[in-house]
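Remarks on the structure that follows.
The values are calculated or read from the model by the stated rules, or taken from the named source; none is laboratory data. This one's a predicted model, so the numbers in the text were calculated from it and none came from an experiment. Note that each Cβ is placed from the backbone with ideal geometry, even for glycine, and that neighbours are counted across all protein chains shown. Heads up: the accessible areas ignore ligands, DNA and RNA and are worked out on the full protein's heavy atoms, side chains in. Shrake-Rupley method; radii C 1.70, N 1.55, O 1.52, S 1.80 Å.
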Amino acid sequence: MTAPTETVSPPFAELPFREQAFRIREHILKMATAPQGAHVGGSLSCADVLLHLYTRVLDIDPQEPDRPDRDRFVLSKGHAAPALYAVLAETGHLPVEELATYTQPGSRLAGHPLRRVPGVEFPTGSLGHGLSLGTGVALAMRRQGRPARAFVLLGDGELQEGSVWEAAMSAAQYGLDNLVAVVDRNGLQITGGTEECVALEPLAERWRSFGWAAVEIDGHDEAALEETFAALPARTGKPTVVIARTVKGRGVALFEGKKKSHSVQLNPRLYQRAKKDLRSGRTA
């Protein structure tokens, strides 16, 4: 009798983008089963952007993490740590098995990124600080004559922090076209819609008025991500902001477009329902 053939999943790097994104979202949901839960909605909304950056844009090497000419990435919206951890694990910065330790006592994988996690340049979580960090790094690399770039991922609710705009003014003043800010524009924050809390629109025009080149895209569209990031900087002599229009809770109907997805602890029943949602939309 012939023994059944064991199915072996192809390496992550060999999967098409859509399948890679599916796997990242699977990891996010699993981390949300931890007793403390996870920031699910904002992690799912920025998963495609993070995946594209780490697999197709950032000049970094997990085997040489301290190379001076590496690109730098700052997760300003530090509560989306589950998405970052999943991407870091699947791109070789840390063992995939370590994701199971998320927020457990003694784990490196805290609710917000810590410097001791491989691939994390700065600890983040206090909203409004990330763009200042990215601006400082971009300026330092410029003065050192290094070709590297700095990328910062911000939440849209985070743009209500005044320090974001102080950094934006400084980056424009210094003409840092080696700096790229990406706004995860999912339209929701913990208390509701961003436009009801503190209106941001017309968002692209606001950034342009601060001296930035602004590009608006669908943050879940692989082709749009490819075209936009391949054309950086959007204007020579200006920092670039990519406003990525996304859906909070993307990929899981239970959470899509709902503020309740901001922070969730998935009990076994909800976890199975969320996984079913994710799988049902896999080929949509």
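What the pair-distance distribution of the stretch 9-89 shows, using all Cα-Cα distances binned every 10 Å from zero, is 17, 48, 30, 5 percent.
Treating r as the C-beta distance of ALA199 and ALA223 and R0 as 35 Å, the FRET efficiency rounds to 0.70. The count of lysine pairs in the chain that are at least 8 places apart or cross chains, and whose C-alpha atoms lie under 26 Å apart, stands at 24.
Ignoring everything but the protein chains, give the 1.4 Å probe accessible area of ASP66 in square angstrom, nearest 10. So the heavy atoms of ASP66 present about 110 Å² to solvent. How tilted is helix 17-31 with respect to the longest principal axis of the chain? Cα atoms for both, answer in degrees (0 to 90, nearest 10). Orientation of helix 17-31: about 80 degrees from the principal axis. As a length-normalised measure over Cα pairs under 8 Å and 6 or more apart, the relative contact order of the stretch 188-284 settles at 25 percent.
Rounded to the nearest whole Hz, the Karplus-based 3J(HN,Hα) values (6.51 cos²θ - 1.76 cosθ + 1.60, θ = phi - 60°) of the stretch 161-168 follow the sequence 7, x, 5, 4, 6, 5, 5, 4, with x at glycine and proline.
Computed on the Cα trace of the stretch 224-277, the radius of gyration divided by the Kirkwood hydrodynamic radius gives Rg/Rh = 1.23. Across all Cα atoms of the chain, the radius of gyration (one decimal) and Dmax (whole number) stand at 18.6, 74 Å.
Computed over neighbours whose Cβ is under 13 Å from that of ALA89, the net charge equals -1, Lys and Arg +1, Asp and Glu -1. Summed over all non-identical Cα pairs, the Kirkwood treatment of the stretch 150-284 gives a radius of 16.2 Å.
The portion of the accessible surface of the chain made up by carbon and sulfur, rounded to a whole percent, is 51 (1.4 Å probe; DNA, RNA and ligands excluded).
Residues THR240, THR91 ordered from highest to lowest accessible area at a 1.4 Å probe: THR91, THR240.
How many percent of DSSP beta bridges within the chain run antiparallel, rounded to 5?
Working: 3 of 25 bridges.
Beta bridges within the chain, antiparallel portion: roughly 10 percent.
Its convex hull of Cα atoms gives the stretch 99-150 a direction-averaged projected area, equal to a quarter of the hull surface, of 4.4 nm².
When the surface is traced with a 1.4 Å probe over the full set of protein chains, LEU99 keeps roughly 20 Å² accessible. Only helices enter this figure: runs of n ≥ 4 DSSP H residues, each worth -39500 (n - 2.57), summed and divided by the residues of the chain, yield -10500 deg cm²/dmol at 222 nm to the nearest 500. Working from Cα pairs under 8 Å separated by at least six residues, relative contact order for the chain is 22 percent.
For the stretch 1-156, the C-alpha radius of gyration sits at 1.11 times the compact-globule guess of 2.2 N^0.38 Å, with N the residue count. Applying 0.36 nm per residue to the separation of LEU15 and ARG143 and subtracting their alpha-carbon distance, the gain on full extension is 42.2 nm.
Available extension along the chain between ARG235 and ALA253 is 2.7 nm, counting 0.36 nm per residue and deducting the alpha carbon span. Beta bridges assigned by DSSP with both partners in the stretch 134-284 are antiparallel in approximately 10 percent of cases. Averaging the sequence gap over all C-alpha pairs within less than 8 Å and six or more residues apart, then dividing by the number of residues, gives the stretch 107-168 a relative contact order of 31 percent.
In units of the compact-protein estimate 2.2 N^0.38 Å, the stretch 160-220 shows a Cα radius of gyration of 1.19. Quick one: plug the Kirkwood hydrodynamic radius of the stretch 100-192 (C-alpha pairs) into Stokes-Einstein at 10 °C, 1.306 mPa s, and report D in µm²/s. This corresponds to a translational diffusion coefficient of 108 µm²/s.
Summarising the amide proton neighbourhood of GLU216: residues at separation of 5 or more, or on other chains, whose placed amide H is nearer than 5 Å comprise ILE243.
Looking at the chain, the accessible area is 45 square angstrom per residue; that uses a 1.4 Å probe and ignores ligands, DNA and RNA.
Multiplying each eigenvalue of the alpha-carbon gyration tensor of the stretch 39-84 by 5 and taking the square root yields semi-axes of 22, 11, 8 Å, largest first, rounded to whole angstroms.
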